[in-house]
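Chemist: Mind looking over this structure? Questions follow.
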Protein chains: 2
Amino acid sequence: MSPVSPVSPGERWFEAHRERLLRASEVSRSREAWTPFVESPSRKRHPEGAHAAGRAAFEARLSRPFEMALPGVVGRVGAEVSPFTAEPLGVSYPRVEPEALMAGVREAWGSWRVASIEARVGVCLEILERWHQQTFENAYATTHTAGQAFMLAFAGSGASSLDRGLEALVAAWEAMEAMPKRARYERAFGRGAPARLEKRYRLMPVGAAVVFSCGSYPAWNAYPAILANLATGNPAVVKPHPDTILPVAIAVETGRAVLAEAGFDPNLLTLACDTWEAPIAGALLAHPDVAIVDFTGGQRFGAHIEASYPRLQVYTETAGCNAVVLDGAADLDAALAAIAYGLVLFSAQMCTAPQNIWVPRSGVVDGDRRVPFDEVSARLVAAIDALLADPAVAAGLCGALHSAKTTEEMDQLRTAAGDRVLRDGAPYAHPDHPRARTATPLLVRLDAADRGVAQRERFGPMAFLIAADDRAQALAGATADAGRYGAIACYAYTADPDWIPAVEDAFALAGASVGINLIRHRPINYTAAFSDYHVTGLNPAGTACLTDPSFVSRRFRVVQSKVELPD
Amino acid sequence: MSPVSPVSPGERWFEAHRERLLRASEVSRSREAWTPFVESPSRKRHPEGAHAAGRAAFEARLSRPFEMALPGVVGRVGAEVSPFTAEPLGVSYPRVEPEALMAGVREAWGSWRVASIEARVGVCLEILERWHQQTFENAYATTHTAGQAFMLAFAGSGASSLDRGLEALVAAWEAMEAMPKRARYERAFGRGAPARLEKRYRLMPVGAAVVFSCGSYPAWNAYPAILANLATGNPAVVKPHPDTILPVAIAVETGRAVLAEAGFDPNLLTLACDTWEAPIAGALLAHPDVAIVDFTGGQRFGAHIEASYPRLQVYTETAGCNAVVLDGAADLDAALAAIAYGLVLFSAQMCTAPQNIWVPRSGVVDGDRRVPFDEVSARLVAAIDALLADPAVAAGLCGALHSAKTTEEMDQLRTAAGDRVLRDGAPYAHPDHPRARTATPLLVRLDAADRGVAQRERFGPMAFLIAADDRAQALAGATADAGRYGAIACYAYTADPDWIPAVEDAFALAGASVGINLIRHRPINYTAAFSDYHVTGLNPAGTACLTDPSFVSRRFRVVQSKVELPD
């Protein structure tokens, strides 16, 4: 670390947050459980009135223009509708002309590009803390755009995403800190006196990044991408999903305020909103000042980006067909309850939700007996139903469907599945929001040999019970699909400890991460920053791994100068 | 480092070479001058008879098939001609069918993919040592293919490239070592007992790499690419330049022997030779098992690769128009002699050779006087002529022209330049090889406003004296061209220490490295492994930076498994 005393607001923030940064650095090596942020909206964890103030701040955003002094504003966009109330939010955002926006971004870059590591990281640490203080407000904004139930939204746009942002920031800081900054070099060339050189190694950013945030979980990938880019000196242009702008706009607004407070141009962090009808992505990605794209979203557009912009650094997280391989458990009902929880949580609209549940026809071990396929199926359905018995609990777990397309896709799948439907996925009645767009899990039986419908992500509460001959075929099928069609998080349950290495090996060779025998770890699809690596980059579910060194190390480059010293 | 005692040949080699690895690791941080390899062919530095044995080994390669048991051999290729003797080498190499080659590579991958870091790094360290022991043989092979004079070839395919290979190997090893391998994770979810998990993080390679080696300097980029790939677990398919196969084939043969000795499949390192008429590159790069391309060579094909294979990790080093900004010197003749040396060394066929020499019309400082443009020009020409006065010295400096195309290009440039030719670049008479293809520097005067012919690499001894109004315009023009057309190594001379920061800033913003006031550092274009970062990736001269963490960190990925421990 630089011993220089802080002289700028960014450097002062670096000092103020230094302990947090150092602790995060330690934990990213020990990979234990840790967060400096408050995960729960519980009254006990917050000052009096914090929740009400956050709600009021959210409500004050509604039915009015969201002002942001961006370059190149040419109009307004915004047509968000709450998945809970079915009412428009009534918020409009600036619509920007890409060339003019990027001209403003380029102008902003100047002083940031050459700012000290501490100044940039300090600004990012302060942004994180301001985001933290806004968690109530942002949780409401997330709820009424993404469709997350409030508790999930509080963690999902709060601590979970802040953690991931801090983890990326630490990774970027460590990568920059690890680089030598200067050296003395002395060597004799030929017979004369040696040449003595002073060498300087500057870390230079590569260019603007376009950060796509996704509709259902807007902060979790956007925060690390924004901070990894800003910390390494690259401006971030955030392109929110057209249906989930508000939580992202709030975060961008806050980040811009911190940048301005630190004496930098707020246009280092900008917002490029668009509509389904007139997307802005192509124009941004083709702009010569753009060097990086961080994309979270659907596999089709992700694959398009991966295939179409060889000039850019492309970091994607899209989707896959996450598998569960069910061989057995000491207590099968506990395992089925854990799986059921993964199927209902936020209506399986998380990229880590299980989808393809592989069950051997030869049966599944339950303690000291072997349970046949149909009984496994029935007990899984019962486990789902048990979770949803109380409407208030169901509402807290399932939240709402982000998109009406999911309802349509469920209808199509139900029709196509016919008598293979093991459990229908009907709407549930939300106790507070009668017009909420909801669904419980639709479960369909498939044979391993005829599982084409399961070989892609089904976004939302759709899952498949896939009958395999035995556990070996189940593992082979699950890992083959993960390798070929992608998987972000897979799962396995076995009562046979000797089989665990085979499971780990098979998923490793498929480039897919696996969680084994997760019972108390509930939700099974919880992914812990500092501890879990998210997405491997080794299968079609994405090219990036949050947030290992490969996620940050190319966002800056070394440019050296060497000066020969006179005699 | 793993405390495991070595159980395989690779791990034993790791132990045997551990001190070298650790020292290299230290030096890559201190960035001082160091090499563990012997740079000079001087008799005093080698066992009696080593030189003669190396020459004999080279001669024994000639006029016969070069045998290599590659997968998919379907014929023979090879039409190398010595640039010194103008005689064919008479060596033929296996021609492989790409699909069959890659099937063999895939089969070889299995055990390497999951081998320990120490086993893989140990094998790579041993390969480096065997290459070191082959330096005399390889220097002759380099001389009679690339056209390097023997002394340069000995360093160029010897210590300089071995250093760079070791540097890449250290970077890969450090990147892998730095990753956590396992962790205990404990956290309470809800009110029950905490979940306790064992997490394992496997480093998995990404896939086969195609390594293109270049015609004029075959080992320097190939060694680091081969070793960075092998160390991280990725097979390397080496595609040599059709005119410079032999030194690369020797290195591949040796690497294969070490792999086999360590109990691995030698097809982890293969050779894919082709011809100008029937190139193999496209088929290799399109193969689904290929994940990486390391390319060194011309800017046109490099740009094609950069634009055409978004699925691949692309690491390129191509070319640019390297500038010299000449503001002044305490002793201008010393500076001009250093520049002249860079113009004649290996006939400027090095990617770091200076090309565009910017000279203010307002004159250049020489101690306490200001020298007008024409005098600078005359004194530079005199400096070149002085270096070439003795034919034996000239031969040792200039070597031969790698390609007949260079002679053609020089003819065209001479004709087009007309009376702007400041110094003609005629062949010199090589004292030992009367049929050698040679040339001395052709120097052409340009005005800054009309410098189009200088805005790309002129491969070979062609350079431009570009007249600018003043040093500010010179610096602006040099850095603008570096940013727009690429530059690998730029230079500046100034007697004004207060101007140095401006020079460093301007080149840094253009993404180009710069050497300032290099006099005793001769050749000025010497690039030191462990100390100099080579290519920035921030201008069109290439996407990779040898060998910073970004060069290695994406060649492997983390795949994790987490297992919940029973109560």
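Chemist: Quick check: is even one residue across segment A:531-546 touching a helix residue (DSSP H, G or I) at 6+ places or on another chain (Cβ under 7 Å), part of a loop (DSSP other than H, G, I, E, B) and facing chain B (nearest Cβ under 9 Å)?
Modeler: Checking segment A:531-546: at least one residue is touching a helix residue (DSSP H, G or I) at 6+ places or on another chain (Cβ under 7 Å), part of a loop (DSSP other than H, G, I, E, B) and facing chain B (nearest Cβ under 9 Å).
Chemist: So which residues in segment A:128-149 are touching a residue at least 60 places away in the same chain (Cβ under 8 Å), more than 18 Å from the chain's Cα centre (by Cα) and in a helix (DSSP H, G or I), if there are any at all?
Modeler: Hits for segment A:128-149 are A:E129, A:R130, A:F136, A:E137, A:Y140, A:H144.
Chemist: Restricted to segment A:24-41, and to residues that are more than 11 Å from chain B (Cβ to nearest Cβ) and over 18 Å from A:W131 (Cβ atoms), which residue is surrounded by the fewest Cβ atoms within 10 Å (Cβ to Cβ)?
Modeler: A:E26
Chemist: Among the residues of segment A:84-107, write down those that are touching a residue at least 60 places away in the same chain (Cβ under 8 Å) and in a strand (DSSP E or B).
Modeler: The answer is A:Y93, A:P94, A:R95, A:V96.
Chemist: If you don't mind, there's one more thing I want to ask. With respect to the numbered conditions (1) more than 14 Å from chain B (Cβ to nearest Cβ); (2) assigned to a helix (DSSP H, G or I); (3) not aliphatic (A, V, I, L, M), which one is the sole condition not fulfilled by A:P242?
Modeler: Here A:P242 meets the rest and fails (2).
Chemist: Something else about it: Report, by residue number, each residue of segment A:487-511 that is more than 10 Å from chain B (Cβ to nearest Cβ), more than 17 Å from A:G342 (Cβ to Cβ) and touching a Ser or Thr at 6+ places or on another chain (Cβ under 7 Å).
Modeler: Matches in segment A:487-511: A:A506 only.
Chemist: Out of A:R187, A:R120, I need the residue that is among the basic types (K, R) and within 28 Å of the chain's Cα centre (by Cα). Which one?
Modeler: A:R120
Chemist: Please verify whether segment B:513-535 includes one or more residues that are buried (at least 24 other Cβ atoms within 10 Å of the Cβ), of a type in the set (A, V, I, L, M) and either modelled with pLDDT under 95 or under 13 Å from the mean Cα position of the chain (by Cα) (or both).
Modeler: Yes, that holds for at least one residue.
Chemist: Among the residues in segment A:440-463, are any over 30 Å from A:H402 (Cβ atoms), of a type outside the set (K, R), within 14 Å of chain B (Cβ to nearest Cβ) and not in a loop (DSSP other than H, G, I, E, B)?
Modeler: Looking for residues that are over 30 Å from A:H402 (Cβ atoms), of a type outside the set (K, R), within 14 Å of chain B (Cβ to nearest Cβ) and not in a loop (DSSP other than H, G, I, E, B), one finds none in segment A:440-463, hence no.
Chemist: Identify the residue in segment A:550-567 that is of a type in the set (D, E, K, R) and at the interface with another protein chain (Cβ under 7 Å from one of its Cβ atoms) and, among all such residues, is surrounded by the most Cβ atoms within 10 Å (Cβ to Cβ).
Modeler: A:R554
Chemist: Within segment A:392-429, can you find the residues that are in a helix (DSSP H, G or I), surrounded by fewer than 21 Cβ atoms within 10 Å (Cβ to Cβ) and of a type in the set (S, T, Y)?
Modeler: Hits for segment A:392-429 are A:T407, A:T415.
Chemist: Another question, then. Show me the strands (runs of 3 or more DSSP E) entirely contained within segment B:278-333 in which 3 or more residues are within 11 Å of chain A (Cβ to nearest Cβ).
Modeler: B:313-317
Chemist: Which count do you get for residues in segment A:169-199 that are of a type in the set (D, E, K, R), at the interface with another protein chain (Cβ under 7 Å from one of its Cβ atoms) and touching a residue at least 60 places away in the same chain (Cβ under 8 Å)?
Modeler: Number satisfying all stated conditions: 1.
Chemist: Starting from residues that are more than 7 Å from every other protein chain (Cβ to nearest Cβ) and not hydrophobic (A, V, I, L, M, F, W, C), keep the ones in segment A:512-525 and report whichever is nearest to A:P354 (Cα to Cα).
Modeler: A:N525
Chemist: Report the residue count in segment A:122-156 for those that are in contact with a His (Cβ under 6 Å, 6 or more places away or on another chain), aliphatic (A, V, I, L, M) and over 23 Å from A:S25 (Cβ atoms).
Modeler: Looking only at that region, the number is 1.
Chemist: Considering only segment A:353-374, I want to know if a residue exists there that is small (G, A, S), within 27 Å of A:D432 (Cα to Cα) and under 28 Å from the mean Cα position of the chain (by Cα).
Modeler: yes
Chemist: Let me ask something else about it. Return the residue satisfying two criteria in turn: it lies in segment B:42-57 and is part of a helix (DSSP H, G or I) and either free of Cβ contacts under 8 Å to residues at least 40 places away in the same chain or within 14 Å of chain A (Cβ to nearest Cβ) (or both), and of such residues it is surrounded by the fewest Cβ atoms within 10 Å (Cβ to Cβ).
Modeler: Step by step, filter segment B:42-57, then rank; the result is B:K44.
Chemist: Does segment A:547-556 hold any residues that are in a loop (DSSP other than H, G, I, E, B), under 18 Å from A:D163 (Cα atoms) and either in contact with a strand residue (DSSP E or B) (Cβ under 7 Å, 6 or more places away or on another chain) or at pLDDT 95 or above (or both), and which are they?
Modeler: A:D548
Chemist: Any idea how many residues of segment A:193-235 are surrounded by fewer than 24 Cβ atoms within 10 Å (Cβ to Cβ) and part of a strand (DSSP E or B)?
Modeler: The qualifying residues number 9.
A quick yes/no check of all residues on (1) closer than 24 Å to B:A286 by Cβ; (2) surrounded by fewer than 21 Cβ atoms within 10 Å (Cβ to Cβ):
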position	(1), (2)
B:S92	no, yes
B:M102	yes, no
B:S116	no, yes
B:G122	no, no
B:I127	no, no
B:R130	no, yes
B:Y140	no, no
B:M151	no, yes
B:S160	no, no
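Chemist: Does A:Y491 satisfy being hydroxyl-bearing (S, T, Y) and in a strand (DSSP E or B)?
Modeler: When the stated conditions are applied, A:Y491 passes them.
Chemist: Might you check whether a residue that is assigned to a helix (DSSP H, G or I) and either surrounded by fewer than 23 Cβ atoms within 10 Å (Cβ to Cβ) or not hydroxyl-bearing (S, T, Y) (or both) occurs anywhere in segment B:351-370?
Modeler: No, segment B:351-370 contains no residue that is assigned to a helix (DSSP H, G or I) and either surrounded by fewer than 23 Cβ atoms within 10 Å (Cβ to Cβ) or not hydroxyl-bearing (S, T, Y) (or both).
Chemist: Considering each of B:L259, B:L312, B:L284 in turn, give the residue that is buried (at least 21 other Cβ atoms within 10 Å of the Cβ), under 22 Å from the mean Cα position of the chain (by Cα) and not hydroxyl-bearing (S, T, Y).
Modeler: Sole residue among the options that is buried (at least 21 other Cβ atoms within 10 Å of the Cβ), under 22 Å from the mean Cα position of the chain (by Cα) and not hydroxyl-bearing (S, T, Y): B:L284.
The values are calculated or read from the model by the stated rules, or taken from the named source; none is laboratory data. Remember, predicted model here, so these are calculated numbers, not experimental data. In this analysis, Cβ positions are derived from the backbone assuming ideal geometry, glycine residues included, and neighbour counts consider all displayed protein chains.
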